[in-house]
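Worksheet for the structure shown next.
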Amino acid sequence: MTSSELWTRATADRYDAEESDMSSAAVLGPTLAFLAELAGNGRALEFAIGTGRVGVPLRERGVPVVGIELSEHMAAVLRRKVDESTLPVTIGDMATTVVPGEFTLVYLVYNTISNLLTQDEQVECFRNAARHLEPGGRFVIELGVPPLRFLPPGQFAVPFDVSEQHLGFDTFDLVEQILVSHHFTRDGDNGHYRRGNSRHRYAWPAELDLMARIAGLELERRVADWDGAPFAQDSAKHISVWRKPT
């Protein structure tokens, strides 16, 4: 069961270079500290581990990490960084794929739950997280808050990046809760731009809380960033932690 769009080899090969800012110490430091504290002395499972931006350095901090990844091409890039015995990865979707054992932490970062394009499959993702958690374990999601407050009447697009190398904007289907991220990325210095887009199902924090309740999880904490800033009305994203009851 998956509605996610599959990452191609070309996209996987350039992913780390295009997302280099997200791999900086300023971004990864607080992320890894947050996740390592929740993992404690147990194991962590990353849904949609991708090229290992988070999973590889978290493993280097001493947290045993296991990954699930839909795209074989993304997993192949990760495998260039670390071997299978050090960080096992199972190819499959994050809604139904099951790996052996229990975990103190299951996490899903960088808006990736929105890759599941139906509410049913997002609910199944929560159920899959609960299935893997030991009692008292946590499920963590990092997800942007839908920027619909920026949409005046009659407008359906919101820019999120306007820079020399990249133009990005989201368009919204308010009925289906689908946004499409449009990207115009400059290739080299020849003035040419490469166009790409990806579809996502956006969800509000309250909707995720209901999904968690369906899966038997309880909201423990919600903050605005990995540093733990309070979540407020103007927060652009949230880090939410749900706990499996003991």
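The values are calculated or read from the model by the stated rules, or taken from the named source; none is laboratory data. These numbers were taken from a predicted model, which means no experiment stands behind them. Reconstructed Cβ throughout: ideal geometry from the backbone, glycine too, with neighbour counts over all protein chains shown. In case anyone asks, the SASA skips ligands and DNA or RNA and just uses the protein heavy atoms, side chains included. Shrake-Rupley method; radii C 1.70, N 1.55, O 1.52, S 1.80 Å.
Below are the figures for this structure:
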quantity: Carbon plus sulfur fraction of accessible area for the chain, probe 1.4 Å, in percent; calculated: 53 percent
quantity: Cβ-derived FRET efficiency at R0 30 Å, ALA10 paired with ASP227, nearest 0.05; calculated: 0.30
quantity: Listed residue (ILE178, LEU208, HIS192) projecting farthest to the positive dipole end of segment 173-214, Cβ model; calculated: HIS192
quantity: Surface accessible to a 1.4 Å probe, ASP170 within the full protein complex, Å²; calculated: 20 Å²
quantity: Long-range amide H partners of VAL109 with built H, under 5 Å; calculated: GLU142
quantity: Under the span-like rule (Cα at least 15 Å along the axis, Kyte-Doolittle mean at least -0.5), DSSP H helices of the chain; calculated: 25-39
quantity: Other-chain or far-sequence residues with amide H under 5 Å of PHE160's (modelled H); calculated: GLY168, PHE169, ASP170
quantity: Surface accessible to a 1.4 Å probe, PHE231 within the full protein complex, Å²; calculated: 80 Å²
quantity: Convex hull volume per residue for segment 1-130, taking Cα atoms only, in Å³; calculated: 100 Å³
quantity: Stokes-Einstein D (µm²/s) once Rh is taken as the Kirkwood radius of the chain over alpha-carbon pairs, at 25 °C in 0.890 mPa s; calculated: 132 µm²/s
quantity: Accessible area per residue in Å² at 1.4 Å probe, computed on segment 1-144; calculated: 41 Å²
quantity: For segment 45-54, Karplus couplings with θ = phi - 60° (6.51, -1.76, 1.60), whole Hz, Gly/Pro x; calculated: 10, 9, 6, 6, 5, x, 8, x, 3, 9
quantity: Under the Karplus curve 6.51 cos²θ - 1.76 cosθ + 1.60, θ = phi - 60°, whole-Hz ³J(HN,Hα) for segment 102-117, x wherever Gly or Pro sits; calculated: 10, 9, 7, 9, 10, 9, 8, 10, 6, 6, 6, 4, 5, 5, 7, 8
